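To keep things clear, I will list the structure first and then write my remarks on it.
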Amino acid sequence: QLVESGGGLVQAGGSLRLSCAASGRPFSSSAMGWFRQAPGKEREFVAAISWSGGSTYYTDSVKGRFTISRDNAKNTVYLQMNSLKPEDTAVYYCAARRMVVPGRKADEYDYWGQGTQVIVSS
């Protein structure tokens, strides 16, 4: 089970930190990812992290602004979002993969959270 938190309303240029708490399956052996879906758009890849945290991946539009990290002792993955823009507005989903290496496609992930809403006002 994956439970996201930390979403909300923020002004452009502001910051939010999303958290995803995992329970059940061993978290430390799972690659984790963040995806987002804006109204009327398909779900898109945002960031991913390997089981150890040693490898991270980002979509181009968030590089330099977002940082994905994980704390395996707390079974939690984070997405620190800085310099937010109105186009970052979306529902953000946490996902877990039954592999140690992360992927960039939604169908590569096996478990999903319910999502947390992020709204960035201009």
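The values are calculated or read from the model by the stated rules, or taken from the named source; none is laboratory data. Quick caveat: nothing in here was measured; it's all calculated off a predicted structure. What goes into the accessible areas is simple: the full protein's heavy atoms, side chains included, and nothing from ligands, DNA or RNA. Shrake-Rupley method; radii C 1.70, N 1.55, O 1.52, S 1.80 Å.
Distance from the Cα centroid of region 24-65 to that of region 70-122 is 5 Å (rounded to whole angstrom). Comparing P39, P102, P86 in a Gaussian network model of the chain (Cα springs below 10 Å), the most mobile by mean-square fluctuation is P39.
Taking every alpha-carbon pair within region 1-64, the share separated by more than 15 Å comes to 64 percent. Annotation: per residue accessible area for the chain equals 51 Å², rounded to a whole number [probe 1.4 Å, protein chains only]. Scanning residues 5 or more positions from R70 or on other chains, those with amide H under 5 Å from its amide H are Y78, with H placed 1.01 Å from N in the peptide plane. The accessible surface of region 56-108, taken with every protein chain in place and a 1.4 Å probe, is 47 percent carbon and sulfur. Taking a straight Cα-Cα cut-off under 17 Å and skipping sequence neighbours fewer than 8 places away in the same chain, the lysines within cross-link reach of K63 are K85.
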